[in-house]
Amino acid sequence: MSVLLAIGTGKGLFLARSEDDRKSWELSGPHHPMTGVYGVGIDTRRATPRLLAGVTSSHFGPSVAVSDDLGVSWQEPDHAPLAFPEDTEKALVRVWQFAPGAASEPDVVYAGTEPQALFRSTDGGATYEMVRGLWDHPHREHWGAGFGGPAIHTVLPHPTDPQSMVVAMSTGGVYRTSDGGATWAPSNTGIKAYYMPDKYPEYGQCVHKVARDAGNPDRFYAQVHHGVYRSDDGGSTWQSIADGLPSDFGFPIVAHPRRGDVVYNFPLAADSRRHPVDERCRVFRSEDAGKTWQPLSDGLPSGPFYPSVLRDAMSADNADTVGLYFGTRSGEVYASRDEGDSWSLVASHLPDVLSVRAAVV
Amino acid sequence: MPAPRWRWGPGMTTTVLVPGVLRGEVDGASRLTMEASGTLGAVFDELADRWPRLERRIRDEQGQLRRYVNVYVDGEDCRLVGGLTAPVRDGAEITVLPSVAGGQ
């Protein structure tokens, strides 16, 4: 089994490849050196998976590059692959997220961007057009910017219904469509915004990441700015699942790709203390949809540990026994080949890790 | 701004000097000869037609100069002489350079 691990960092994309069931890794890179790679995708719907990378040079701006040979070579069109239309009077800052569409639409790929917008590709992610329904939403002018920037950082197409999708942003919250993106409704009922005068507004929540449950497409998990939630009704309402965690603050939340009710989290102490709780490097896993959580630390550093894990820097692969991965702001990447039970170091001394994706290739 | 003391006509050219980091976008060329009319914006418009991969590194999709790209027209910082409306004389040299700011 060959597994590819794509590691987007602040100074380029690194690719790690394992040919021995994720026991050892060979690292290459940086690809696209000196670009921030906030968004990286591995579209496994093709015979040879396509890699998608949102690459942003602080000098020369953003772009999207794709590779059909697992990172040996990369292609970009001559003209900007993803650009804001002239009438928006906005320019792309960066792509934060790539999301392959439903299985029935093998050439559809979505991209979430900064500024907050959703784009759709019908050529497998090479070029994109804006989804106007979200851009024209009357709430948009009221959406704010989290510290990371005003971005659609989460895009979750429904696995079987191309008309249904959920997006999320900091700050603005969760929105969903059931008509292919023509109209969008805020979906934040129950998510607390402690930093606002109205603690439960219709929208405006600082949602850090949302994941869709593998067993029930109407079930979602959300890590927000001080809060961990679950929705069982497609995002209509949310209930806290933070009680079993040592902290309700953090950035990533990852659903197991096949087992329903299984979800992973990397808690940080607080928004004012953004390092792991008790300075211990631990992933937390729930196998009952957030009712209870277990710490996972076998193989992770045992001493004081201060780096944080960003919202897209934790991910799962699609192997029979699922692998989990996370990267830190101090440039370390850890992998588990047994669904989180034990961990080993894949790479260290990289630039700060912004995004991680992995797949059997 | 005073009117330029020159006029544009057939056969007149402008040279764009490409920094090393961007030469991969123009098949390795260090100098590009343009036939554009007399403003920096017009030169970049021609650049967009002929070398779009280079032009989009210099300007965003709204046509604005990227913040950390510096452009000099005959040695003058374009931002001090009108930006994209800066006059470009016949035979001018336009130098594109990454700013010393903007890195990580």
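The values are calculated or read from the model by the stated rules, or taken from the named source; none is laboratory data. Note that this is a predicted model, so its numbers are computed, not measured. Counting neighbours? That spans all protein chains shown, and the Cβs are built from the backbone with ideal geometry, glycine included. Protein only, heavy atoms only, side chains kept; ligands, DNA and RNA dropped before computing areas. Shrake-Rupley method; radii C 1.70, N 1.55, O 1.52, S 1.80 Å.
The calculated P(r) of region A:52-199, using every Cα pair and 5 Å bins from 0, goes 2, 9, 18, 23, 19, 14, 9, 4, 2, 0, 0 in percent.
Using only helices, what value at 222 nm comes out for chain A when you add -39,500 (n - 2.57) per DSSP H run of length 4 or more and divide by the total residues, to the nearest 500 deg cm²/dmol? Mind showing how you got there, number by number?
Numbers: 1 runs with 4 residues, N = 361.
The per-residue figure over chain A is 0 deg cm²/dmol.
So how many Å³ per residue does the convex hull of the Cα atoms of region B:11-104 work out to? Expressed per residue, the convex hull around the Cα atoms of region B:11-104 is 95 Å³. Under the combined filter of DSSP loop state and at most 16 neighbouring Cβ atoms within 10 Å, region A:1-100 retains these GluC sites (Glu not before Pro): A:Glu19, A:Glu89.
For region A:3-147, what % of the accessible area comes from carbon and sulfur atoms, probe 1.4 Å? Carbon with sulfur: 48 percent of the solvent-accessible area.
Placing unit charges on C-beta atoms (Lys and Arg positive, Asp and Glu negative, everything else neutral), compute the dipole magnitude of the protein assembly as shown about its Cα centre in debye, rounded to 20. Don't skip to the end; give the middle numbers.
Numbers: 44 positive and 58 negative charges, 166 e Å.
Magnitude of the dipole: close to 800 debye.
Spatially close Lys pairs in the protein assembly as shown, defined by Cα atoms under 30 Å apart and a spacing of eight or more places or different chains, total 10.
For the residues A:Val109, A:Val40, A:Val72, a GNM of chain A with alpha-carbon springs under 10 Å puts the largest fluctuation on A:Val72.
Kindly give Rg over Rh for chain A, based on alpha-carbon atoms, with the Kirkwood expression for the hydrodynamic radius.
Numbers: Rg = 18.7 Å, Rh = 20.0 Å.
Here the Rg-to-Rh quotient is 0.93.
With unit charges on the beta carbon (Lys/Arg positive, Asp/Glu negative), name the residue among A:Ala168, A:Ser18, A:Leu310 whose Cα is farthest towards the positive pole of the charge dipole of region A:3-360. Value computed over the given set: A:Leu310. Based on the alpha-carbon gyration tensor of region A:238-359 and its eigenvalue square roots a ≥ b ≥ c, which shape applies: rounded if a/c is under 1.5, prolate if not and a/b is larger than b/c, or oblate? Cα axes put region A:238-359 in the oblate bin.
Counting trypsin sites (Lys or Arg not before Pro) as exposed when in a DSSP loop with at most 13 other beta carbons within 10 Å, what is the longest stretch of chain A free of them?
Values: sites that count: A:Lys23, A:Arg46, A:Lys199, A:Arg258, A:Lys291.
By the stated rule (loop sites, at most 13 other Cβ atoms within 10 Å), A:47-198.
Heavy-atom accessible surface of chain A, averaged per residue, reaches 37 Å², computed with a 1.4 Å probe.
Return the value, in Å² to the nearest 100, of accessible area buried between chains A and B (probe 1.4 Å, both sides summed). Numbers along the way, then the final one.
On the way: alone 14100 and 6370 Å², together 18760 Å².
Buried surface at the A/B interface: approximately 1700 Å².
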